[in-house]
1. So which of Glu101, Glu60, Glu90, Glu106 is in contact with a helix residue (DSSP H, G or I) (Cβ under 8 Å, 6 or more places away or on another chain), free of Cβ contacts under 8 Å to residues at least 60 places away in the same chain and closer than 30 Å to Glu142 by Cβ?
2. Sort out which residues of the stretch 63-87 are closer than 19 Å to Lys129 by Cα, without any contact (Cβ under 8 Å) to a residue 40 or more places away in the chain and not in a helix (DSSP H, G or I), and write them in order of number.
3. Let me spell it out: the conditions are (1) in contact with a helix residue (DSSP H, G or I) (Cβ under 9 Å, 6 or more places away or on another chain); (2) of a type in the set (A, V, I, L, M); (3) under 25 Å from Gly47 (Cβ atoms), and Leu82 meets all of them except one. Which number is the exception?
4. Of everything in the stretch 1-57 that's assigned to a loop (DSSP other than H, G, I, E, B) and of a type in the set (Gly, Ala, Ser), which residue is nearest to Glu142 (Cα to Cα)?
5. When Ile132 is evaluated against the numbered criteria (1) of a type outside the set (Phe, Trp, Tyr); (2) touching a Ser or Thr at 6+ places or on another chain (Cβ under 6 Å); (3) more than 30 Å from Asn22 (Cα to Cα); (4) touching a residue at least 60 places away in the same chain (Cβ under 8 Å), which criterion, by number, is the only one it fails?
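Every read-out reported here was derived from the displayed coordinates using simple, explicitly stated rules and does not represent laboratory data. Small disclaimer: the values here were computed from a predicted structure and weren't measured. When we count neighbours, we look across all protein chains shown, and the Cβ atoms used for this are built from the backbone with ideal geometry, even at glycine.
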Amino acid sequence: MTLDSINSKILKCLQLNARLSNAEIGRQVGISSPAVSERIKKMEDMGVIEGFKALVSPFEMGYQLKAIITLRAFMGKLKPFLEKVKTFDEVINCYRITGDENIVMEVVLKNNKHLEAFIDNLIIYGESKTQIVLSRVVKQKEVIPIK
C-alpha cells in the first residue's frame, strides 16, 4: 500500500478532526465509507497512523505552568534517566537529542513549587535548564506526506 493522494487526503481529514465519521471522510475525499475504513485500517497496520486520542488542555486540568526542560546527563546517568523519565507524570513529551544536551522534555506543572520539586528530581541525572512556555505559536500541525 502506498500513500496515494486519497490516503493523503484521509490523513489530513483525520489529523484535523479524528472524530469525523468514515462516511464524512468518504464524502470529502470521494470514496465510500467502507473504502475509507479499509484504508485507515491498512495505514494503522503499516504504522502510518499511530493511534487516536483526545487532546486535553493542561491549563483546564489545573496545571498553571508548562515548561521546556533540557538535561545534559552526567556520565553513566543517561540510560537510567531514559527509564526514569517514563515514570514522571509531569512529562508530556520527551526527546533524546543531539548537541550539548541529551534530553528535551515538555512538562506540565501545578505551580512554581511543583517546578522546583520536579527539578530537584533531575539533579541526580544531570544539569538541567528550564524555560517557561508563555504561549503556543504553532499548534500541532498535520504531517504532510512526502512526495
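1. Working: Glu101 fails: in contact with a helix residue (DSSP H, G or I) (Cβ under 8 Å, 6 or more places away or on another chain); Glu60 fails: in contact with a helix residue (DSSP H, G or I) (Cβ under 8 Å, 6 or more places away or on another chain); Glu106 fails: in contact with a helix residue (DSSP H, G or I) (Cβ under 8 Å, 6 or more places away or on another chain).
Criteria check complete, one pass: Glu90.
2. Across the stretch 63-87, the qualifying residue is only Met75.
3. Among (1) in contact with a helix residue (DSSP H, G or I) (Cβ under 9 Å, 6 or more places away or on another chain); (2) of a type in the set (A, V, I, L, M); (3) under 25 Å from Gly47 (Cβ atoms), the lone unmet condition for Leu82 is (1).
4. Step one: of the stretch 1-57, the residues assigned to a loop (DSSP other than H, G, I, E, B) are 1-4, 17-21, 30-32, 47-57.
Those left that are additionally of a type in the set (Gly, Ala, Ser): 18, 21, 30, 32, 47, 51, 54, 57.
Values: Ala18: 11, Ser21: 18, Gly30: 20, Ser32: 23, Gly47: 16, Gly51: 14, Ala54: 15, Ser57: 18 Å.
Out of the qualifying residues, it is Ala18.
5. The one condition Ile132 does not meet is (2).
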